[in-house]
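Q: Following this message is one structure expressed as structure tokens.
Values quoted throughout were computed directly from the atomic coordinates according to the rules given, and no laboratory measurement underlies them. Keep in mind that this is a model prediction, so the values were computed, not measured. With ideal geometry, Cβ positions are generated from the backbone for all residues, glycine too; neighbour counts draw on all protein chains shown.
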Amino acid sequence: MMNKEDLIEKYFTDTLSNEERILFDKLLQNDQEFKEEFIFQKELKQSIVHQQRETIKKTLQGFEDNLNRKKVIPLKYWLAAASVVLVLSLGYFTFSKYSASQPEKLFASNFTPYENVVHPTVRNSKDESIESKAFSAYDNGSYYKAINLFNSVENKEDDYIRFYKAMSFLALSKNQEAIDLLLPLATNPEASSAKYKWHAKANWYLGLAYLNNNETDRAKSQFNVVINHPDCDYKKEEAKEIMSQIKSD
Amino acid sequence: MTEASPNIHLEALRKGDSSVLESIYRSNRASFLSFALGFGINQDDALDIYQDTIIAFRENVTSGKLTELKCAPSTYLCAIGKYKIFQLLRRQKPNALNGRVIVEETNEVLDVNLFEEEYTNRMKLIGDQLKKLGNRCREILILFYYEGYTLDEIAIKLDYSNKLVLKSQKSRCLKQLKDSILS
């Protein structure tokens, strides 16, 4: 017969078989010592949960502080930035007919390359695969390098490689290349297929690519897909905001 | 890696990778906050709920309830967060939710995890004594009771020669803790 300690251990790892579960319940009713031991461990678990939540919350607040700290920019950079703005605005008055169109501006204020969630760059990582180098270039904003590496991986036709390659092109404002890559991911996959998880994201970025290409009507229809997407809250608010700004144009 | 996926990243999260936690925190923050502010709560509460939601999400992953993402993480976060927002609204303005349907579509993978477990004085006492235990004991107990590690996994992570050695170490830790509470 299984000993009592093992039964309690299995309870906490959620691996009791049906028979063990029956034995467990029986002991809980009839064996005072077993019951006390179990209750003790349950209370211990609750104390640990409580403490760990507080600890993790502090970690998250640390992430939050990091985000806020990055916004504080030393004075000398402000001065440098101010002089650039001055030069640019002089340029703007001289060459205003070449200035960015409204859709391009909307693109610029909404585009950030999708976070690398496939290969988080790990410091001192020993992973030297091409794919991992590609993602590390992507994380560093070296998009030309990333594209070259994405072109060299074995599985370059895989959805996620296409997607991140499209991100890299888009970051370089090479809109047509990005559009060609995103289209197959953005058009009606079966809800059960692997492509589906890229569906909302691909539509959002396809919309942005069209915006940057000044194809406003096409952009609108992509944003409509994002807004009405059945199961993702992804970028719905942002897409609505862009739609309202296009309309008010 | 043939299946592209954020699921690889879930495995890293389960193993306690904090860079993955930070990347999830950052990439979903803006969309969650705009979602939460839509319920008319203030920025501080929204941020507080976002952090609790991330913790609940992480717990769903470490406990093994959530092993595969079928949609963007933001969808799961909003689904969990929504209940936490309702919880806050019920506390702040008991009448505000009249007429609003609260229970929505059932979602098997989603454990809403509202953190409503009771926290008794005895648990607090156990917690205080737990802080006085040695690091090794604390580490074992946290991995086992919170991080969802099995004894086999803990033995590997902490370099025990086998599960039995670890098991008797864990029993000693529990006994030490119990004795300290009685004394």
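Q: So if each residue of separation counts as 0.36 nm, and I subtract the Cα-Cα distance between A:Phe12 and A:Asp217, what length gain in nm does that give?
A: Fully extending the segment from A:Phe12 to A:Asp217 adds 68.2 nm.
Q: Arranged by the count of other C-beta atoms within 10 angstrom, fewest first, what order do A:Lys35, A:Lys133 take?
A: A:Lys35, A:Lys133
Q: By count of other Cβ within 10 Å, fewest leading, how are B:Glu147, B:Glu153 ordered?
A: Fewest-to-most Cβ neighbours within 10 Å comes out as B:Glu153, B:Glu147.
Q: Please flag any cysteine in chain B that has no other cysteine's Cβ under 4.7 angstrom from its own Cβ.
A: For chain B, the answer is B:Cys71, B:Cys78, because their Cβ atoms have no other cysteine Cβ under 4.7 Å.
Q: Let me ask something else. Against the longest principal axis of chain B, how steep is helix B:43-62, in degrees 0 to 90 to the nearest 10, with axes from Cα atoms?
A: Compared with the principal axis, the helix lies near 50 degrees.
Q: How crowded by other chains is B:138-150, given as the mean number of beta carbons from other chains within 10 Å of each beta carbon?
A: 4
Q: Ok, one more. Under the definition of partner shielding as Cβ atoms of other protein chains within 10 Å of a residue Cβ, what is the mean value for peptide B:18-25?
A: Across the residues of B:18-25, the mean count of other-chain Cβ atoms within 10 Å is 5.
Q: Still on this structure: Exposure proxy check: A:Met243, A:Met167 ranked by fewest other beta carbons within 10 Å?
A: A:Met243, A:Met167
Q: Which of rounded, prolate, oblate describes the range B:104-183, given a ≥ b ≥ c as roots of the alpha-carbon gyration tensor eigenvalues and a/c under 1.5 marking rounded, otherwise prolate only if a/b is larger than b/c?
A: Cα axes put the range B:104-183 in the oblate bin.
Q: As a test of the formula, what do you get for chain B when each DSSP H run with n ≥ 4 contributes -39,500 (n - 2.57) and the sum is divided by the residue count, at 222 nm and rounded to the nearest 500 deg cm²/dmol?
A: My calculation for chain B gives -21000 deg cm²/dmol from helical runs alone.
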